[in-house]
Every structure is written in C-alpha cells, then in structure tokens.
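Structure first, commentary second.
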Amino acid sequence: MKTTWLEYNWQLDGAEAYFGVELSYYRKAPDEKHPLLCYFCCETADGRALTPADEKRIIALAQKCRRRTRLQPAGFVQTGNMRQYYFYTASKEEYDVLKSIAEKEKRLLIRVGGKREDDWATYFQLLYPNEVKYQTVKNREQVKKLHSIGDNIEASRRINLHVCFRTEPQRLMFEETARSAGFAIGSAEYLSESDMPNGVVIYRISTLKREDIDSVTVRVIKLAEKMEGRLSYWDCNIVPRSVRKRI
C-alpha cells in the first residue's frame, strides 16, 4: 500500500470494525470533479466471517475496479462477513462498470450502489480518522515498539497521560473532571514553546492490550475536549516478559 493509505480498528454501530482510508485526499477534498459516491460491498454468501482467502479475493476485486475505471478510492469498512469499498467518481458510466464486475462474481455476494455526494461526507465523517480514532493508531505503534523490546503488554501498569490546555483555568477544570472519572492527578507541566502551554500528567492503571489502552486514551481525549485541551502523548514503565526457567 502507499504510505498515504491508513488502516485502523474502530467500531461501527457498536460492533468491531476495520477501516481503510486514503489520507492524501484530505487537503483537496471535496473534489468537485468527482461528486458521485459509489460503494462496492462484498460479503460471504452464507453469512460466515471473512477468511484470509475471502479478503484476498475481495482485494483483487477492488484492484480490478481500479484498473477498469478512473474511480478515486476513498477507503473501506470491514465488519464480520463483509467489506465495503467507497469510491468517488465523475460519471455514472464508472458505476456501470462496477455493476458489470459484480455480476460476473460467483463466489461472493456483491452489492453496488451510489449517490451524489458533493461534500464527501462519507469520506470525512466515516472513513477519515478524527483525533480519537487516530490516537488508536498511535497506540498500536507505541505498543508494538514496547513489545519488540521485551515488554509484557498484558501486564497492568501505570499509564502516564500528558494532557495540555491553553489556559490554567482550563487545566484546573480538567483535573477535577478527570479525578471524578477515576484518574489520579499528577504534576502540572508548563510547555513554554507550545500553543497549549498548560499541561498536566494524569494516571490510570491499565494493560497495553488494544481494547484496554484504547479505552483509556479515548476517555482522556473526550474529557480534554470539553476544556479545549488535547492528549499530547502517553508513556509508561516497561514490564519485562517472564523468562521461563530451564528444566
């Protein structure tokens, strides 16, 4: 994949979902030359979860769509037994090509649809990651680095969350809210060269398993947003993996 392509986990309608998105469109979207949204939905015929073989076939179908059209691939969403791709295009003829590809597929059920979407709402509101979603991507990267140097990611430890605000009153209000939400409050930090110089470290005990660390960072970001603040980063001590004794 190109470096501008991002894949991440999130939820859709309360269920675990896997997202892919082309980040490079963000600065130039919405593109008035491509106002039509097309979706290309692939799912298993018997309702079972997608297997690696299914995913490989779906990716091949998506690549065929790209080769035979001038569609702008915005991204996809995958849940359970289906993966749905989203494309933006300039003409209805491209939509007809998608229908032709779908009609020839025998192993998977394919549904094709579309609508006019001048504001690219699907791209901005569904596919492109907001701050909360993107933090989960950064969580994956940080946990992967810690695991690579011997950290036991399933072990609980203190997570240090560094949060910053424009003003001291905002920071103080956040501290009270965070304390009520179950976080321990640490030292204040002053970041003289930052646009948000009033920082504080708060703590939470957690493992580094995906659902645990994501839950912590999502909660902090949402609390900080109420006071126009942001989560700068988090860190923690390394908990070494146990070394098995030789018999």
Exercise for the section: For segment 87-109, enumerate the residues that are in contact with a Cys (Cβ under 7 Å, 6 or more places away or on another chain) and within 29 Å of residue 46 (Cβ to Cβ). Expected result: 87, 95, 98, 101, 108
Practice task
Test each condition in (1) touching a Gly at 6+ places or on another chain (Cβ under 8 Å); (2) part of a helix (DSSP H, G or I); (3) not small (Gly, Ala, Ser) for residue 132 and report the one that comes out false.
Solution key: (1)
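Which strands (runs of 3 or more DSSP E) does segment 1-119 wholly contain that include 2 or more residues that are open to solvent by 70 Å² or more (accessible area, probe 1.4 Å), touching a residue at least 40 places away in the same chain (Cβ under 8 Å) and closer than 22 Å to residue 135 by Cβ?
Details: elements: 5-12, 15-22, 36-44, 72-79, 82-89, 108-116.
Correct list: 15-22.
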Practice task
Answer yes or no as to whether residue 126 is surrounded by 18 or more Cβ atoms within 10 Å (Cβ to Cβ), closer than 19 Å to residue 8 by Cα and at pLDDT 95 or above.
Solution key: no
Handout entry: strands (runs of 3 or more DSSP E) within segment 135-247 that include 1 or more residues under 29 Å from residue 17 (Cα atoms) and touching a residue at least 24 places away in the same chain (Cβ under 8 Å)
Key = 157-165, 198-206, 230-236
Exercise for the section: Specify the residue that is most open to solvent (accessible area, probe 1.4 Å); the eligible residues are those in segment 129-162 that are within 20 Å of the chain's Cα centre (by Cα) and among the polar types (S, T, N, Q). Expected result: 130
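The values are calculated or read from the model by the stated rules, or taken from the named source; none is laboratory data. Since this is a predicted model, take the numbers as computed values, not measurements. Here the Cβ is made from the backbone with ideal geometry for all residues, glycine too, and neighbour counts use every protein chain on show. To get the accessible areas, we keep the full protein, side chains included, count just its heavy atoms, and leave off ligands, DNA and RNA. Shrake-Rupley method; radii C 1.70, N 1.55, O 1.52, S 1.80 Å.
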